[in-house]
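So the structure is just underneath, and the comments pick up after that.
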Amino acid sequence: MEAAVRPAWIGLALAVLVAAVAVQPSPAQETVRPIAPQDRLSGSAFMSAEARALQADDASNPAMLWVKDGEDIWARKTGVAERSCADCHGEAGASMKGVAARYPAFDPASQKPVTLDQRINICRTINQKAEPFAPESQPALAIASYVGLQSRGMPITPPDDKRLKPFLEAGRSLFGLRQGQLNLSCANCHDALWGGKLGGSPIPQAHPTGYPIYRLEWQGIGSLQRRLRNCMTGVRAEPFAPNSIEFTEIELYLAERAKGMTVETPAIRP
Amino acid sequence: MSSASKALAPALLLTVCAISQVYAEALRPFEIEGDAIPRSLTGAPGDAARGAAIVGNRQLGLCVLCHGGPFAEPRMQGNLAPDLTGVGDRLSAGQLRLRMVDGSKINQDTIMPSYYRTDGLERVAPRFRDRTILSAEEIEDVVAYLAGLRN
């Protein structure tokens, strides 16, 4: 009786063992627990009181200079079509309210997600028949700041669009992928070690709440992709190309991760 | 591109691959025993004074980005990893050596970069590709310094 039972018992134990081995994460893609929604904090929560005060006062926030430039671009006729943003969209305060909070979004023409910066360039190319702004150029950052400001105070609201799902999942994987000579993932620092100190500076949670940001370290304004590039360079990885699908996928995942958090654009960061 | 250089291109590519292969294989062999690499990577002891300079150099050693310890500028030190004060009392030179060479051999989830490994890494920037973070000599210098940090 006992002898007859034993093989079945061993079989079960083996099955459990095999299942346990099968769910082991691969070394590059370990399981770092995401931040619980109620524990999420914007980068501004990790800043000095001085930096927070700078962001809170539009008269002293240096990023408002780019917003002002963006307002001019909004009204200026341009391109072969001799058309301004305002000619089609009217008052940005009304038409652009909440738009930046919804990007990246799916672009049916290319069947891919696009960032807000890319969407603006699509509009320039097709509707204004103008040259696209170069990534990280002054006018690109200015118009993005102006459009972004129209969502200030609103919750980050990634579109509930199932066409985005595979790109979102790719972004989630990239966030967890160890990269570079230093072999660190975004999640290693920003999910697992936020609040800790890296060389004396607090590690924030990496929520895209205020882009474009005026970064004190840059002495200027920059995009989310510029910030991502900084981190990739920091771990000695080869950064993804500007406007690459990988960056868009990471932006998608960051928006999902920060869903419901408040837009602060144009924010100050250290 | 001329036809001659077209013909040469694959040969050149092969040569470059061969060189980087040699570079990657130039890692000194070492043996892990338990949780340590008991023998020096270079066969010689390191220089503790040079090791102190490497640990203090934020671009070279990178140590103080994560570790605190009895080093200059305490306010610029990280706290993401164990404080290195008195680490020589807790770990032998061999244990320190393995933790620097490849800490993932002890804990695969560690955030400690492997200072003497070039394989199994993703998207390494071109100027760091096939290069270790520190050389064997530099690792021995740091091991000599850390082993001497006593309470």
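The values are calculated or read from the model by the stated rules, or taken from the named source; none is laboratory data. None of these values were measured; they are calculated from a predicted model. With ideal geometry, Cβ positions are generated from the backbone for all residues, glycine too; neighbour counts draw on all protein chains shown. For accessibility, only protein heavy atoms count, side chains too; no ligands or nucleic acids. Shrake-Rupley method; radii C 1.70, N 1.55, O 1.52, S 1.80 Å.
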- Query: Do we find that residue B:50 is outside any loop (DSSP other than H, G, I, E, B), out of contact with any Leu (no Cβ under 6 Å at 6 or more places or on another chain) and touching a residue at least 12 places away in the same chain (Cβ under 8 Å) in this structure?
  - Reply: yes
- Pick from the range B:118-151 the residues that are outside any loop (DSSP other than H, G, I, E, B) and free of Cβ contacts under 8 Å to residues at least 40 places away in the same chain: which of them is nearest to residue B:39 (Cα to Cα)? B:128
- Enumeration of residues in the range A:81-117 that are within 13 Å of residue A:147 (Cβ to Cβ), in contact with a Pro (Cβ under 8 Å, 6 or more places away or on another chain) and either touching a residue at least 60 places away in the same chain (Cβ under 8 Å) or of a type outside the set (A, V, I, L, M, F, W, C) (or both): A:101, A:102, A:115, A:117
- Note on the structure: Flagged in the range A:135-183 as within 12 Å of chain B (Cβ to nearest Cβ), open to solvent by 20 Å² or more (accessible area, probe 1.4 Å) and under 21 Å from residue A:252 (Cβ atoms), in numbering order, are A:173, A:174, A:177
- Query: All but one of (1) without any contact (Cβ under 8 Å) to a residue 12 or more places away in the chain; (2) open to solvent by less than 70 Å² (accessible area, probe 1.4 Å); (3) within 13 Å of chain A (Cβ to nearest Cβ); (4) not aromatic (Phe, Trp, Tyr) hold for residue B:58; which doesn't?
  - Reply: (1)
- Which one is surrounded by the fewest Cβ atoms within 10 Å (Cβ to Cβ), of the residues in the range B:113-141 that are among the aliphatic types (A, V, I, L, M) and more than 10 Å from the chain's Cα centre (by Cα)? B:125
- Message: Between B:15, B:42, which is at pLDDT 80 or above and either more than 14 Å from chain A (Cβ to nearest Cβ) or over 22 Å from the mean Cα position of the chain (by Cα) (or both)?
- Response: B:42
- Query: Does at least one position in the range B:69-86 carry a residue that is more than 9 Å from chain A (Cβ to nearest Cβ), of a type in the set (A, V, I, L, M) and assigned to a helix (DSSP H, G or I)?
  - Reply: no
- Message: Looking only at the range B:87-112, filter to residues that are away from every other protein chain (no Cβ under 14 Å) and in contact (Cβ under 8 Å) with a residue 60 or more places away in the chain; which one of those is surrounded by the most Cβ atoms within 10 Å (Cβ to Cβ)?
- Response: B:97
- Query: Which ones in the range A:200-229 are within 13 Å of another protein chain (Cβ to nearest Cβ) and either open to solvent by 50 Å² or more (accessible area, probe 1.4 Å) or touching a strand residue (DSSP E or B) at 6+ places or on another chain (Cβ under 9 Å) (or both)?
  - Reply: A:201, A:202, A:203, A:229
